[in-house]
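Reading through the structure tokens given below for one structure.
The values are calculated or read from the model by the stated rules, or taken from the named source; none is laboratory data. For clarity, every value in this text was computed on a predicted model and none was experimentally measured. Cβ coordinates were reconstructed from backbone atoms using ideal geometry, including for glycine residues, and neighbour counts include every protein chain displayed.
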């Protein structure tokens, strides 16, 4: 949506400094062509910098570094907004020596806004309701427009939008088809009477399936569980070969990229004549599709977005998905991906299934809407340069949570969370195995 007001700034305030000028031009364009302006206007008036958000921030809890206080980090962008996009700020600059945007300030933002996992847990404790995760996203978007963006995200998005593979991992379609054929053979060995298939390019199928493409590389058990569940409920579904990646990294750093990706995914659904966008076990893919459909697609062109865990839960409740009780004997816990749990969207659905199939299901101390981020949220898991930070600061609290449960399995239904949790299990030497929900469901499905 377009903002109601126009925005302007004084170029002379940054004369001779190329990056600050470009930053302000990008900021002005985003404000003019989006609805972030009224939100920032409100935040500049209510921001108290009380630091109550520190009680909810696992990064600050682990680092103790003042730059990791969410409201202090948010102030980095609000300061720029006040100076260049409010009348009061422009008047102050004319009357006396007031703040001027510099290269050093941009460097500070580039460092600090990528220390945030954008989990949005701090919003729950902010007395003013400020969404610091949203501000981090906006700051990253502005910086990305002047080419300040982590290389891993840039390369992945470029491949997804412009590369031959049309997916973030650059996996050729032929290789994905081979993988699916191999998985069908594996399923036939386990369930010789069922003929479980991965339908490909089936026109008119109700569900068009978009898992995180990394599942094709590293999550064979999850994919087989997905296919077995879809077979058990006799679903009409397909994988499209022209666009099959549920990942949308625009969610992490650029609405412009977010919009382009969701439109490309929707085009694949329309090509196949599908009715529902079915997302695999991935929190950020689910949120980017659901919110992207609402934010960037005209109402008449939208299709429903459903996470595969929601579908499994719905069919279980209806009696169409039959699951044997207490099949999983080992202690099991569940990690809530922030992108699907923070708003209360997907919290109880997977737990209903796990409590049924697991003899010993336990919760972490903080879970559900108030759950702790894996430590690699907001796209930070893709940045190998900050691996040590992700392990010993971002992921420290989650590692302690998992250890405290004493669980043999930690169910982790998100591609980014899976990578991060795998790495913190190794880094913190946790006696735990990370699995997807469907890795366990496949052991409990009753095909009779």
Could you check how many residues of segment 398-448 are over 19 Å from the mean Cα position of the chain (by Cα) and either more than 23 Å from residue 352 (Cβ to Cβ) or free of Cβ contacts under 8 Å to residues at least 12 places away in the same chain (or both)?
-> 11
Can you tell me which residue among 246, 274, 283, 250 is modelled with pLDDT of 95 or more, under 29 Å from residue 141 (Cβ atoms), buried (at least 24 other Cβ atoms within 10 Å of the Cβ) and touching a strand residue (DSSP E or B) at 6+ places or on another chain (Cβ under 6 Å)?
-> 246
Restricting attention to segment 27-39, and to residues there that are under 24 Å from the mean Cα position of the chain (by Cα) and in contact (Cβ under 8 Å) with a residue 60 or more places away in the chain, which single residue is farthest from residue 393 (Cα to Cα)?
-> 34
Determine whether segment 180-194 contains at least one residue that is in a helix (DSSP H, G or I) and either within 24 Å of the chain's Cα centre (by Cα) or modelled with pLDDT under 95 (or both).
-> no
Hey, residue 287 hits all of (1) without any contact (Cβ under 8 Å) to a residue 60 or more places away in the chain; (2) in the same structural domain as residue 202 (by TED's automatic domain parsing); (3) farther than 20 Å from residue 214 by Cα but one; which does it fall short on?
-> (3)
Report yes if some residue within segment 389-397 is over 23 Å from the mean Cα position of the chain (by Cα) and either surrounded by fewer than 21 Cβ atoms within 10 Å (Cβ to Cβ) or modelled with pLDDT under 95 (or both); otherwise report no.
-> no
Scan segment 224-241 and give yes if some residue there is touching a residue at least 24 places away in the same chain (Cβ under 8 Å), under 18 Å from residue 160 (Cβ atoms) and buried (at least 20 other Cβ atoms within 10 Å of the Cβ), otherwise no.
-> yes
Subset of segment 44-56 (residues that are within 27 Å of residue 397 (Cβ to Cβ) and either touching a strand residue (DSSP E or B) at 6+ places or on another chain (Cβ under 6 Å) or outside any loop (DSSP other than H, G, I, E, B) (or both)) | 52, 53, 54, 55, 56
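Conditions tested, residue by residue: (1) without any contact (Cβ under 8 Å) to a residue 12 or more places away in the chain; (2) exposed (fewer than 15 other Cβ atoms within 10 Å of the Cβ).
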position	(1), (2)
293	no, no
299	yes, yes
304	no, yes
313	no, no
322	no, yes
329	no, yes
334	no, no
338	no, no
341	no, no
